Amino acid sequence: MGNLLKVLTCTDLEQGPNFFLDFENAQPTESEKEIYNQVNVVLKDAEGILEDLQSYRGAGHEIREAIQHPADEKLQEKAWGAVVPLVGKLKKFYEFSQRLEAALRGLLGALTSTPYSPTQHLEREQALAKQFAEILHFTLRFDELKMTNPAIQNDFSYYRRTLSRMRINNVPAEGENEVNNELANRMSLFYAEATPMLKTLSDATTKFVSENKNLPIENTTDCLSTMASVCRVMLETPEYRSRFTNEETVSFCLRVMVGVIILYDHVHPVGAFAKTSKIDMKGCIKVLKDQPPNSVEGLLNALRLSQGRILHSTRIWRGAK
């Protein structure tokens, strides 16, 4: 049986066809290999980024000591010495977001190009669809970890304050070559976001649409809505869910579903929660609420935080029970 299996269209929603996408085993065809290999160079570093973020402990103790004893030069040096390598890690995370943005735009170009429809692309280019899903999966995992680690912004704020003070006092700053002022400004905006990776990908998707005016916006939004439908159907249908050989595929599908909903909401003129949306939002939220609460709270928060208008869609949230 192929990696993409057509499923009957839902009887209560005219949302178009749904598909079972084999996220576990899809392999690139010859025509996919060029873009697949380009994206794979980026994705192979994703797990290492997550491991570094998960182990990020911050320099809170050293910073507190330095602030409490401003005249103690040794404590100031100790705090600076602790923060500089951490900022190097934060720089690596930020630079990876830029690489991920470029990879996403490459995939969007492949999955929305003419003459094929987005549905045909998903049928023909299953490995690229899987890579698109892997980018979204990484993005949600990164943002979940970032949201629960206040040390990131505390460390970076201390770094910037100290760097500014060193400049005023004409003190050589060892870490300035690592993160100069221009880069620090961009990183500050990135880490100020509650979900920085999702914001990066949302902006990249919006920019992709605006820069490709000859490409109907429906090519992009239909690609996103179809992916959301794929994930929802696989999660809510025991027959399809039973085909997963790895239990982690469930959390993978949940993250991908939320990721494409947020991208759709940013790109589509009326958003994901409108009556005319091609995404079954009640069904998607119900799938999330049917999972163990601790496993999906971060995903529900990502939906709530993605845009202000989502917070006001109480009818949909209450209806998804």
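Just so it is clear, none of the values below were taken in a lab; they were calculated from the coordinates. Only a predicted model underlies this, so the values are computations on that prediction, with no experimental measurement involved. Because the Cβ atoms are built from the backbone with ideal geometry, glycine has one as well, and the counts that use them run over all protein chains shown.
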note = Most fluctuating of Glu134, Glu30, Glu123 in the GNM of the chain (C-alpha, under 10 Å) is Glu30
key: Point-to-point label distance, Arg186-Asn149, nm (Cα→Cβ direction, 7 Å offset)   = 2.1 nm
message = Test of understanding: what is the full-extension gain from Thr206 to Glu51, defined as 0.36 nm times their sequence separation minus their Cα-Cα distance?
response = 52.9 nm
note = Taking a crude spin-label model, label points 7 Å out from Cα along the C-beta direction, the Arg243 to Arg304 distance in nm is 3.4 nm
remark   = For the range 210-215, Karplus-derived ³J(HN,Hα) couplings (6.51, -1.76, 1.60; θ = phi - 60°; whole Hz; x for glycine and proline) come out as 5, 7, 10, 5, 7, 9
note = Between the modelled labels at Glu30 and Thr276 (7 Å from Cα along Cα→Cβ) the distance in nm is 4.4 nm
task = Can you tell me how much longer the chain between Lys286 and Tyr116 gets when fully stretched, taken as 0.36 nm per residue apart minus their C-alpha distance, in nm with one decimal?
result = 58.0 nm
query = What is the set of long-range amide H partners of Thr29 at a cut-off below 5 Å, with H atoms built 1.01 Å from backbone N?
reply = Ala127
request  = For the chain, set up a Gaussian network in which alpha carbons nearer than 10 Å are linked by springs, and say which option among Thr112, Thr226, Thr245 fluctuates the most.
outcome  = Thr245
key: Value of [θ]222 nm, deg cm²/dmol, for the chain, DSSP H segments ≥ 4, -39500 (n - 2.57) each, nearest 500   = -22000 deg cm²/dmol
remark   = Expected vector for the range 243-254, Karplus 3J(HN,Hα) from phi with 6.51, -1.76, 1.60 and θ = phi - 60°, integer Hz, x for Gly and Pro, equals 7, 5, 9, 10, 4, 5, 5, 5, 5, 4, 4, 4
query = When the Karplus curve 6.51 cos²θ - 1.76 cosθ + 1.60 is applied with θ = phi - 60°, which whole-Hz ³J(HN,Hα) does each residue of the range 50-63 get, with x for Gly and Pro?
reply = 5, 5, 5, 5, 5, 8, 6, 10, x, 10, x, 5, 5, 5
